[in-house]
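Working notes for the structure below.
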Amino acid sequence: MPERGALLTITVDITPEVSAALARQAAERGRAVEAYAASLIEDAVHPPAAHLAPPAKDMVELFAPLRGLNLDFERDRDTGRDVAL
């Protein structure tokens, strides 16, 4: 296992299509393919904390992004049918 702060070299087998897309994306950002690929791996391992939303306080807040979809959050008043046990 590498020491803390030591570089690790890995080899990844990818298709030519993925390689071309990776090269295109790196060029769009003005970066070398290797540096861009390394940044993608680093982002996957250490996602930015800003993207993590705090937990919802209640069901309405949890489903707030779905507003406008005509969802009804009211409790059904029907108690159902009687069951003989």
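The values are calculated or read from the model by the stated rules, or taken from the named source; none is laboratory data. Everything numeric here is computed off the predicted structure, so don't read it as measured data. Reconstructed Cβ throughout: ideal geometry from the backbone, glycine too, with neighbour counts over all protein chains shown. For the accessible areas, the whole protein counts, side chains as well, though only heavy atoms, and no ligand, DNA or RNA atoms are used. Shrake-Rupley method; radii C 1.70, N 1.55, O 1.52, S 1.80 Å.
The table that follows gives values for the structure above.
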quantity	calculated
Val12 being at negative phi, open to solvent by less than 80 Å² (accessible area, probe 1.4 Å) and either at pLDDT below 85 or in a loop (DSSP other than H, G, I, E, B) (or both)	no
Extreme residue, farthest from Ala53 (Cα to Cα), among residues of segment 64-83 that are open to solvent by less than 100 Å² (accessible area, probe 1.4 Å) and at pLDDT 75 or above	Gly80
Failed criterion for Leu22 (all others in (1) in contact with a Phe, Trp or Tyr (Cβ under 8 Å, 6 or more places away or on another chain); (2) of a type outside the set (Val, Ile, Thr); (3) modelled with pLDDT under 80; (4) open to solvent by less than 100 Å² (accessible area, probe 1.4 Å) hold)	(3)
Filter result (surrounded by 10 or more Cβ atoms within 10 Å (Cβ to Cβ) and either modelled with pLDDT under 80 or outside any helix (DSSP H, G or I) (or both)) within segment 39-60	Pro47, Ala56, Val60
